[in-house]
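One structure below.
The values are calculated or read from the model by the stated rules, or taken from the named source; none is laboratory data. Because the structure is predicted, anything quoted here is derived from the model rather than measured. Reconstructed Cβ throughout: ideal geometry from the backbone, glycine too, with neighbour counts over all protein chains shown.
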Amino acid sequence: ILDVTRSALDLSSYGSGVAGLVGLMPSSPVMNAIPPLENIYKNKLLDMNVFSVYLTPSLDPSQGGSFLFGGIDKTKYSGELNYVPVSARLSTSKGMWYIEADGAFTGSTPVSGYTKSPWLFDTGTSFIAVPTAFAQAFHANIPGATYSALDQVYVLPCKGNATFALSFNGIKYEVPYNNYIAGTGTGNSSECVSLVMPLGNYEIFILGDPFLRQVYAVYDFTEGASRIGIAPVSVSDASLGNEGLSGDPVPGGSTITPLRSNSASGISLGALSMLLTVLVAWTMVIA
């Protein structure tokens, strides 16, 4: 159990059944408080200055995932971790986990004009948020895609094969079509909502659950050398239930803690539009 003292936390007088939310951001010179990660680093509470995030690739939100503090669970990914330094242009000043992508793709087709774009890794977001121009260019390569001005989302055929993909250090990571669409909640089985959502003219890119379910992510908060390591999730985990998330310790790290991640599957268009409005307001605060 980690005991982190003298860290800043926000408390709420109202709860909606959510267990809680802890911000694991890197330290920032503009902050007027000491975040938990900085305290952990300075007090040498972990064998490794990392925390790792695993979200099961299953589309069933009850399958959850895990956080691992101070270690890396090599059973959760395949291949080698690809480390990308956090973007000094944004992460240092904003206290966020931004890394720069080499390129973006709809399937094998590049989304032109978006090399070296900064992407925020955010487990608290259930979709992928992008500038309006990016959303237009991405969906232009998907047959049957239309934009709903009323709900501010793209409506797609429920069957397709175009992946959402990003390249980091020349390595491409793909999100299957079925993993970035959701039902409209109207009972129409032929129309789905794209979870690649436009944010307006804000040059902010946010990678939420649809992408994070496809990779194992290691956040290295070593002072002056912050980086994120990513690797494809293990193929054997594609149908993982809650097995293996019992809280057994992993060598070199703190215990694995099961977590649940909300899914946008089947959510109404109105609710998605409301989520997007809240996210736009949030981006105005950090921009």
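Filtering the range 130-153 to residues that are more than 17 Å from Ile181 (Cβ to Cβ) and either in a loop (DSSP other than H, G, I, E, B) or touching a helix residue (DSSP H, G or I) at 6+ places or on another chain (Cβ under 9 Å) (or both) leaves Pro131, Ala149, Leu150. Scanning the range 115-129 for residues that are assigned to a loop (DSSP other than H, G, I, E, B) and either closer than 28 Å to Ser190 by Cβ or acidic (Asp, Glu) (or both) gives Asp122, Thr125, Ser126, Phe127. For Leu156, indicate whether it is more than 21 Å from Pro232 (Cβ to Cβ), assigned to a strand (DSSP E or B), at pLDDT 95 or above and of a type outside the set (Phe, Trp, Tyr). Yes: the conditions hold for Leu156. A search for C-beta distances below 6 Å between a residue of the range 118-145 that is more than 20 Å from Lys159 (Cβ to Cβ) and modelled with pLDDT of 95 or more and any residue that is surrounded by fewer than 18 Cβ atoms within 10 Å (Cβ to Cβ) and not small (Gly, Ala, Ser), counting only pairs 6+ apart in sequence or on different chains, returns Pro131/Glu203. Any residue at all in the range 193-212 that's crowded, with 21+ Cβ neighbours inside 10 Å, assigned to a strand (DSSP E or B), small (Gly, Ala, Ser) and modelled with pLDDT under 95? Checked against the condition, which is being crowded, with 21+ Cβ neighbours inside 10 Å, assigned to a strand (DSSP E or B), small (Gly, Ala, Ser) and modelled with pLDDT under 95, the range 193-212 yields no hits at all.
Among Tyr173, Tyr154, which is the only one that is crowded, with 21+ Cβ neighbours inside 10 Å and of a type outside the set (A, V, I, L, M)?
Only one candidate qualifies: Tyr154.
Among residues belonging to the range 42-83 that are small (Gly, Ala, Ser) and within 11 Å of Val218 (Cα to Cα), point out the one that is surrounded by the most Cβ atoms within 10 Å (Cβ to Cβ). Ranking the qualifying residues of the range 42-83, first place goes to Ser52.
Tell me, yes or no, whether the range 173-194 has at least one residue that is over 20 Å from Leu207 (Cα atoms), among the charged types (D, E, K, R) and in contact (Cβ under 8 Å) with a residue 24 or more places away in the chain. The answer is yes; a qualifying residue exists. Do we find a residue being among the aliphatic types (A, V, I, L, M), out of contact with any helix residue (DSSP H, G or I) (no Cβ under 8 Å at 6 or more places or on another chain), farther than 17 Å from Ser167 by Cβ and at pLDDT 85 or above anywhere in the range 93-103? Looking through the range 93-103, none of the residues is among the aliphatic types (A, V, I, L, M), out of contact with any helix residue (DSSP H, G or I) (no Cβ under 8 Å at 6 or more places or on another chain), farther than 17 Å from Ser167 by Cβ and at pLDDT 85 or above.
With the requirement that a residue be assigned to a loop (DSSP other than H, G, I, E, B) and farther than 18 Å from Val175 by Cα, what does the range 92-114 give you?
Hits for the range 92-114 are Gly95, Met96, Trp97, Ser112, Gly113.
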